[in-house]
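Asker: What follows is a structure written as structure tokens; I'll ask about it next.
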Amino acid sequence: MEQYLIPRIIAKLLIPQILLFALYVQFHGDFGPGGGFQAGVIFAAGLILYGLVFGTNELRRVAPPVVLRVLIASGVLLYAGVGVAGLLLGGQYLDYNVLSHDPVHGQHLGIMLIELGVGVTVAATMTMLFYAFAPE
């Protein structure tokens, strides 16, 4: 792919914008359309574009499978941990009201943490699926 100069230049311009848009969707999901799943897919699409243009080995150098496995587990643990934190603070599983002094702040914090866990898990899982099907 090194001989294709234009796709490489276009990818270098687009990938940072794709990743920035994924962060916008991630953290704006509390107030409008979007959230963890959509942001995770957009983030993974940026990584997969990088792998398609620059090669799978280069993507494996940037996002090693070992790190992706840790991110998958961390996202699931964050999701479950928010639920357990609600239980430990006297609420029900995934009851966000008890996470802060004010129920509204608790709801906002809980949803943000849950969506972050989903986004991290989805992005890492989609990238690992790309690794499973992409040639080395």
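Asker: For the chain, what is the mean residue ellipticity at 222 nm derived from helices alone (per DSSP H run of n ≥ 4: -39500 (n - 2.57); sum divided by total residues; nearest 500 deg cm²/dmol)?
Answerer: On the way: 5 runs with 105 residues, N = 136.
That comes out to -27000 deg cm²/dmol.
Asker: Rank these for me by crowding, Glu58, Glu115, Glu136, going from fewest to most other beta carbons within 10 Å.
Answerer: On the way: Glu58 13, Glu115 24, Glu136 7.
In order of increasing Cβ crowding within 10 Å: Glu136, Glu58, Glu115.
Asker: By count of other Cβ within 10 Å, fewest leading, how are Tyr50, Tyr24 ordered?
Answerer: By the 10 Å Cβ count, ascending, the order reads Tyr24, Tyr50.
Asker: I've got another one for you. Please report, in cubic angstrom per residue, the volume enclosed by the convex hull of the alpha-carbon atoms of the chain.
Answerer: Convex hull of Cα atoms, per residue: 100 Å³.
Asker: Let's test the formula: R0 of 30 Å, r as the Cβ-Cβ distance of Leu13 and His108. What FRET efficiency results, to the nearest 0.05?
Answerer: Once rounded, the FRET efficiency stands at 0.30.
Asker: Next question, about the same structure. In a GNM of the chain with a 10 Å cut-off on Cα contacts, which of Gly90, Gly34, Gly75 has the highest mean-square fluctuation?
Answerer: Maximum among the listed residues: Gly90.
We did not get these values from a lab; they are worked out from the coordinates using the rules stated. Since the model is a prediction, treat every value here as computed from it, not as a measurement. All Cβ positions, glycine included, derive from the backbone under ideal geometry; neighbour counts span all protein chains shown.
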